[in-house]
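The values are calculated or read from the model by the stated rules, or taken from the named source; none is laboratory data. From a predicted model like this one, the values you see are computed outputs, not experimental measurements. Side chains included, ligands, DNA and RNA excluded: accessible areas come from the protein's heavy atoms. Shrake-Rupley method; radii C 1.70, N 1.55, O 1.52, S 1.80 Å.
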Amino acid sequence: MHEADMNHYKKYGIEDLVWDTFFRQWVLSPTRETDIVWKQWQAENPEMVANINKAREVVLSLRVAEPEISTAEISKIVKETIAKTTPGNAVTSEPEVYTIVPFHKKFWFKIAASLTIVMFFAWLAKSRLTEHGLSGVKENLTADHGLLIEKINSGKAPLLVRLDDGSQVTLAPESRIRYARKFVGSKREVFLTGEAFFDIHKDPSRPFFVYANELVTKVLGTSFTIKAYKTSKEVTVEVKTGRVSVFTQLDPDAKEKISNHELEGVVLSPNQKIIYARDQIRMVKTLVEKPEIIISKAKTPQFIFEDMPVSEVFDSIGKAYGIDILYDEELLKDCPLTAILENQTLHEKLTIICKAIEANYEILDGQIVVHGKGCKN
């Protein structure tokens, strides 16, 4: 990864780092190159060192050797993690041992790391549900229902709803939304059942919250779609522009995440989405089905490549779609590509490129990871 591509990490919190593929790759399977990149970046951004160290502890604490882990084991991991990161708690641990695995053999990583983190948050959610019941948000909704306007789309066409702050909500059929006639206080809140596209007026001083089934979506100003039908087994959030953060109402830190003005939780960028499995209390971060180019037409490249290094091709496509494409530069540096990729979808572009360089790709945590063994001379 180029140094310039590291700039977005300045906005990352601890949870963002824990979910990030490139960060976990460095923590769990460091190489000389990734070690240099991260150490140099920390030296240039000392204010991020504390978050880096805490996220590193969480990733290492959640490390597993098998793709399944019991609730009792998760409980132990959580207690140890909290003990390590809580000031005043002295914890003695064994020296950290790293196993270096070649980049192209890390197919276990998606299962071991992602599943462990998913189950970690699932355990927290189940624990909170058992001990405390539903969050105060739903209780307050019942108490304040008389202060809210409710719009129900009982027709067959989308219904446009304009909010007090200038935001617009396009409500799908068989959906409803509840909101205040006039937003007051330090935050803007709406409650959705069904599906809607939100185009939120930017106001950093008053974050905008959408409560949809078990999920909370927090934004400062952006556009996104939420699907949260009562009878559906899943809740999804898809981002079109800007950035949003998503967390469950059962999150132990939900109140803190609602009260501050920072984007915390699982942060989504354009073309990314969260799928929340309600019966399993499990969140998966991935890409939308049909990613779209996010830069202006004037800045969109032609995608006509003639004997161009594939690394430059990936960088050009990644910037156009706003998606991180991770690959081993050393392995692919000598791979040239000649192709015209103007009219294909993102996935079609990637398939053609990977076929040409004898590689393959997968979607992991809302990023694209390319696996290849290099090009034959």
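Observations on the structure shown:
- In the full protein context, the range 244-377 carries 50 Å² of accessible surface per residue, based on a 1.4 Å probe and ignoring ligands, DNA and RNA.
- The range 244-264 versus the range 215-242: alpha-carbon centroid distance in Å: 14 Å
- Percent carbon-and-sulfur accessible area, the range 256-377, ignoring ligands, DNA and RNA, probe 1.4 Å: 47 percent
- Put CYS335, CYS375 in order of accessible area, highest first, and with a 1.4 Å probe you get CYS375, CYS335.
- J(HN,Hα) series, the range 196-207, from Karplus relation 6.51 cos²θ - 1.76 cosθ + 1.60, nearest Hz, glycine and proline x: 7, 9, 10, 10, 8, 5, 6, 7, x, 6, 9, x
- For LEU148, residues with placed amide H under 5 Å, excluding near neighbours: none
- Relative contact order (percent, whole number), the range 231-315, Cα cutoff 8 Å, 6+ residue spacing: 28 percent
- Nonlocal amide H pairs with LEU337, under 5 Å, H built at 1.01 Å: ASP307, MET308, VAL310
- Accessible surface comparison of SER205, SER29, probe 1.4 Å, protein chains only, largest first: the order is SER205, SER29.
- Close amide H partners of TYR361, meaning residues 5 or more places away or on another chain with modelled amide H under 5 Å apart, are HIS371.
- Per-residue HN-Hα couplings for the range 274-287 [Karplus 6.51, -1.76, 1.60; θ = phi - 60°; Hz; x = Gly/Pro]: 10, 10, 10, 7, 5, 6, 9, 6, 9, 10, 10, 9, 8, 9
- For the range 159-300: rounded, prolate or oblate by the Cα gyration tensor [a/c cutoff 1.5]: rounded
- Cα-based shape type of the range 310-377, given that a ≥ b ≥ c are square roots of the gyration tensor eigenvalues and the cut on a/c is 1.5: oblate
- Ordered by solvent-accessible area of protein heavy atoms (1.4 Å probe), largest first, the residues GLU57, GLU330 come out as GLU330, GLU57.
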